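Below you'll find the structure, written out as structure tokens, and then a few comments.
The values are calculated or read from the model by the stated rules, or taken from the named source; none is laboratory data. Please read all numbers here as calculations on a predicted model, not as lab measurements. Glycine also receives a Cβ, built like all others from the backbone with ideal geometry; neighbour counts cover every protein chain displayed.
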Amino acid sequence: MLNVKDLNVFYGNIHALKGVSFEVKEGEIVCLIGANGAGKTSTLQSISALIPKKSGVLRFLDKDITKAKAHEITKMGIAQVPEGRRVFTDLSVLDNLKLGAFAVKNPRESDEDILKVIYERFPILEERKNQRAGTLSGGEQQMLAMGRAMMTRPKLILLDEPSMGLSPLFVEKIFDVIKNFKEIGVTVLLVEQNANLALKISDRAYVLETGKIVKSGSAKKLLSDPIVKAAYLGA
Ligand code: ATP
């Protein structure tokens, strides 16, 4: 579904991604794990065309998207939920959700249909739909950011550190929703510091170290890999 080949990203003189290659197959949950600064966010942002690529080839559903613009990528079916949620705090919950749909008007399905699906998953968003998004807790804002991404009816969702700063109860809820994405046919590329939890719900994973993929395999295999355990699983 998504194929990333030999991706190089620079910030000025900093070579942040050094020939990163990986793939995500339809229906999978794939996670990228790695320490702070390894290049996880840069990988997601270059897929969404939010930062420029120096070189590399990106393909999505057999189309070359290397040169596509951010709004074209969204229209093709890739949605990103950014690190730190970035909801519009002064707008209501409902207006935040509607902004998601605004990015990709789809005449086949009305906003009401997709809102119903989102409210089923996140009842709190319906209860608080007229409330300012800035008054929601961190976990509720994460739900809103995920709901907003769902409004674009994505085929592939990119999640950047969804569990960051959340209480254990919310972390559990967010991970349930990620598993549910897979069940409803949305493919997931997940970036997580919480490697333990991420590997438990993923099919496959890649380990990034200073801009390079140093390991990959089934999530089950990586969970029992001694090097991964020592470096990322607190064992
Ligand atoms: P984190 O979990 O801390 O966000 P990460 O694995 O997502 O880490 P990136 O944020 O992709 O890593 O950063 C990769 C490298 O690029 C790091 O060395 C970082 O310092 C650098 N970098 C990221 N953004 C910028 C920027 N806007 N300007 C300069 N350097 C940057």
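Figures for the structure shown
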{"quantity": "Options R148, R59: the member that is part of a strand (DSSP E or B), surrounded by 15 or more Cβ atoms within 10 Å (Cβ to Cβ) and more than 16 Å from the ligand (Cβ to nearest atom)", "calculated": "R59"}
{"quantity": "Some residue of the range 204-218 being under 17 Å from the mean Cα position of the chain (by Cα) and without any contact (Cβ under 8 Å) to a residue 40 or more places away in the chain", "calculated": "no"}
{"quantity": "Test: M164 is out of contact with any strand residue (DSSP E or B) (no Cβ under 9 Å at 6 or more places or on another chain) and either more than 16 Å from the ligand (Cβ to nearest atom) or not β-branched (V, I, T) (or both)", "calculated": "yes"}
{"quantity": "Filter result for the condition that a residue is under 27 Å from F175 (Cα atoms) and modelled with pLDDT of 95 or more, over E83, E28", "calculated": "E28"}
{"quantity": "Strands (runs of 3 or more DSSP E) contained entirely in the range 181-235, each with at least 3 residues that are more than 30 Å from V117 (Cβ to Cβ) and either modelled with pLDDT of 95 or more or within 16 Å of the ligand (Cβ to nearest atom) (or both)", "calculated": "204-209, 212-218"}
{"quantity": "Filter result (among the polar types (S, T, N, Q), over 12 Å from S46 (Cα atoms) and part of a strand (DSSP E or B)) within the range 1-26", "calculated": "N3, S21"}
{"quantity": "Single residue of the range 5-50 satisfying the filter (in contact (Cβ under 8 Å) with a residue 60 or more places away in the chain and of a type in the set (D, E)) that is farthest from the ligand (Cβ to nearest atom)", "calculated": "E26"}
{"quantity": "Yes/no for L91 being away from the ligand (no atom under 16 Å from the Cβ), in contact with a strand residue (DSSP E or B) (Cβ under 8 Å, 6 or more places away or on another chain), under 19 Å from M76 (Cα atoms) and of a type in the set (A, V, I, L, M)", "calculated": "no"}
{"quantity": "So S216, is it among the polar types (S, T, N, Q), under 30 Å from F10 (Cβ atoms) and surrounded by fewer than 22 Cβ atoms within 10 Å (Cβ to Cβ)", "calculated": "yes"}
{"quantity": "Exclusive hit being farther than 28 Å from I227 by Cα, of a type outside the set (S, T, Y) and either surrounded by fewer than 19 Cβ atoms within 10 Å (Cβ to Cβ) or within 17 Å of the chain's Cα centre (by Cα) (or both), set I114, I14, I73", "calculated": "I73"}
{"quantity": "Cross-chain or 6+ apart pairs with Cβ under 8 Å, the range 52-70 first and aromatic (F, W, Y), then assigned to a strand (DSSP E or B)", "calculated": "F60/L2; F60/N3; F60/I78; F60/L156"}
